[in-house]
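Quick note: the coordinates plus some simple rules give every number you see, no bench work behind them. Remember, predicted model here, so these are calculated numbers, not experimental data. No Cβ is skipped: glycine too gets one built from the backbone with ideal geometry, and neighbour counts run over all protein chains shown.
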Amino acid sequence: MNYLSNIARSEGDPKVIRSGPSSLGSSDRLAKGLGWFSIGLGLAGLIAPRRITRSLGMEGQEAIVRAFGAREIGTGIVSLSVDKRLGLWSRVAGDALDIATLTAAMGRDNPKRDNVQLALAMVLGVTALDVIGARALGSRHEYGRGERRSYRDRSGFPKGIQAARGMARDFGTPSEPRAMPTLASVSEPAPPRQALT
């Protein structure tokens, strides 16, 4: 990677010798992984909805699977963006829809009920990861939590106020100040207004 970044640099630019540690925390990496997982799952829902509905005994509901696939892609993109927390909470809301849909498909008349139970267990596990990741991102990136620092004892003068007193006494005006154009020479007078008759 360093080689590729050095190719794009100009001759006078400094070279990248090695990259430092990532500033991403574990919650950021979890959100990134869940975002890519969501995009992959959404693509599967858009590309092969008939195969998914057949394996779950939900034939005829391909439109719902496609809509859920589009939703998964959207939440995955948001999970990969700057606002990862919103992406994960939107994934939790989508998981609630998935759980409701799979629960409705658990009827005794469904011959693929075992597959639905397995899918429901997987959705519940991913929902737990989404909630854990969203909460972790909230505690990592949220401002205003915990004890705030107090700077009341600081004056802004590194050596103290007493040392700063009188420092500007020996300051003199430069002997040849730069000639500044006057306001009149820069601006033109506004044209007179015409009266409405």
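State the extension gain, in nm to one decimal, for the chain segment bounded by ASP170 and VAL82, taking 0.36 nm per residue of separation less the distance between their alpha-carbons. Don't skip to the answer; put the middle values down first.
Details: separation 88, 0.36 × 88 = 31.68 nm, distance 5.14 nm.
So the chain would gain 26.5 nm between ASP170 and VAL82.
Could you check the spin-label model distance between ASP153 and SER139? Points 7 Å from the Cα along Cα→Cβ, value in nm.
Reported label-point gap for ASP153 and SER139 is 3.0 nm.
If each residue's Cβ is checked for other Cβ atoms within 10 Å, how do ARG50, ARG152, ARG66 rank with the fewest at the top?
Working: ARG50 11, ARG152 4, ARG66 16.
So the residues, fewest neighbours to most, are ARG152, ARG50, ARG66.
Please find the FRET efficiency linking ALA70 to THR103, where r is the Cβ-Cβ separation and R0 is fixed at 35 Å, and quote it to the nearest 0.05.
Values: r = 22 Å, r/R0 = 0.62.
Efficiency at R0 = 35 Å is approximately 0.95.
Want the number for SER55 to LYS32: 0.36 nm per residue separation, take away the alpha-carbon distance, what's left? Display every interim value, and only then the final one.
Numbers: separation 23, 0.36 × 23 = 8.28 nm, distance 2.86 nm.
Here the answer is 5.4 nm.
If r is the Cβ-Cβ distance from LEU24 to MET122 and R0 is 25 Å, what FRET efficiency results, to the nearest 0.05?
Step by step, r from the Cβ atoms, then E = 0.45.
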